[in-house]
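Participant: What follows is a single structure, and I will ask about it in a moment.
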Amino acid sequence: MSSPKRPSDRYEAVGLRQNPFSAAQERDKSSTEIRDLFVSRSLPDPPAPGSRTLIQVIGPKGAGKTTHLDWWRTIHPGPLHYIPRAPYRARWAQPPLVKASFREAIVYGDEIDRMPKPLRSRWFRHLSQRRATLIIGTHVDLHQLGERSGFEVITHQLETLDLATLREIIDKRFSAFALDGGPSIGFDDDELERILTESGGNPRESEAICHSLLAAKLIR
């Protein structure tokens, strides 16, 4: 009796290196992976370094804030300060600072609403005084703090996915993980509508549903 197929064998049989959605939660992607997987959500490129501008990308968990910060860092490289959920003391970690003599800086921050308010206020003032460009992902609006710190503030609110954008995200993932000849499997229009409805248009939830649906197709 033949042994059951390994999961990797099942994906290779339909022209894929692995489930294209299994890496959806990874924070540390290479520049090539970011370029291959990025789908624009109609957000413009960020201002150049040294513009004394705060760009805040606001949206709920899984809306795509980190994805856009990663993309912009391929355009204008700069340090990223990520604020973890736990432990709490990690939220007080020293964020990236700018030397007084260096006035063409760009700095990124993710989950900045988790940063303790006193530290966040000092950090904003420091970067503004050195005319840095600060680009952040946040769940809450920090417009007022940005203006008080001396920044020109630009706010981007990430909306839920529409069907065309979801299709583009899925197509890019299938393409990025395809073997020679391309995949012989995918999602039809009814499945896309189901994914969009069940996820509420949230990209991270959509990718998780895609992962489960695709895996289920291969074990039937």
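Participant: Quick one: how many residues across the stretch 93-111 are surrounded by 12 or more Cβ atoms within 10 Å (Cβ to Cβ) and free of Cβ contacts under 8 Å to residues at least 40 places away in the same chain?
Facilitator: 10
Participant: How many residues does the stretch 10-38 contain that are in contact with a helix residue (DSSP H, G or I) (Cβ under 8 Å, 6 or more places away or on another chain), among the aliphatic types (A, V, I, L, M) and at pLDDT 90 or above?
Facilitator: Matching residues across the stretch 10-38 total 1.
Participant: Please verify whether residue 53 is under 23 Å from residue 116 (Cα atoms) and touching a residue at least 60 places away in the same chain (Cβ under 8 Å), treating the condition exactly as stated.
Facilitator: The answer is yes for residue 53.
Participant: So, one more: When residue 181 is evaluated against the numbered criteria (1) part of a helix (DSSP H, G or I); (2) modelled with pLDDT under 90, which criterion, by number, is the only one it fails?
Facilitator: Failing condition for residue 181: (1).
Participant: Select, from 147, 193, 152, the only residue that is out of contact with any strand residue (DSSP E or B) (no Cβ under 9 Å at 6 or more places or on another chain) and of a type in the set (Asp, Glu).
Facilitator: The unique qualifying residue is 193.
Participant: What are the residues in the stretch 157-205 that are within 12 Å of residue 20 (Cβ to Cβ) and aliphatic (A, V, I, L, M), if any?
Facilitator: 169, 170, 176, 178, 179, 185
Participant: Among the residues of the stretch 205-217, are any surrounded by 18 or more Cβ atoms within 10 Å (Cβ to Cβ), under 18 Å from the mean Cα position of the chain (by Cα), in a loop (DSSP other than H, G, I, E, B) and at pLDDT 95 or above?
Facilitator: There is no residue in the stretch 205-217 that is surrounded by 18 or more Cβ atoms within 10 Å (Cβ to Cβ), under 18 Å from the mean Cα position of the chain (by Cα), in a loop (DSSP other than H, G, I, E, B) and at pLDDT 95 or above.
Participant: Kindly indicate which of 153, 140 is in a loop (DSSP other than H, G, I, E, B) and either farther than 22 Å from residue 67 by Cα or assigned by TED's automatic domain parsing to the domain that holds residue 73 (or both).
Facilitator: Answer to the check: 140.
Participant: Kindly indicate whether residue 169 is outside any helix (DSSP H, G or I) and within 25 Å of residue 74 (Cβ to Cβ).
Facilitator: Here the answer is no, as residue 169 does not meet what is asked.
Participant: While we're here: Which one of the conditions (1) more than 24 Å from the chain's Cα centre (by Cα); (2) in the same structural domain as residue 117 (by TED's automatic domain parsing); (3) surrounded by 14 or more Cβ atoms within 10 Å (Cβ to Cβ) does residue 183 fail to meet, given that it meets all the rest?
Facilitator: All conditions are met except number (2).
The values are calculated or read from the model by the stated rules, or taken from the named source; none is laboratory data. Computed from a predicted structure; not experimentally measured. Quick reminder, even Gly has a Cβ in these numbers, built from the backbone with ideal geometry, and neighbours come from all protein chains shown.
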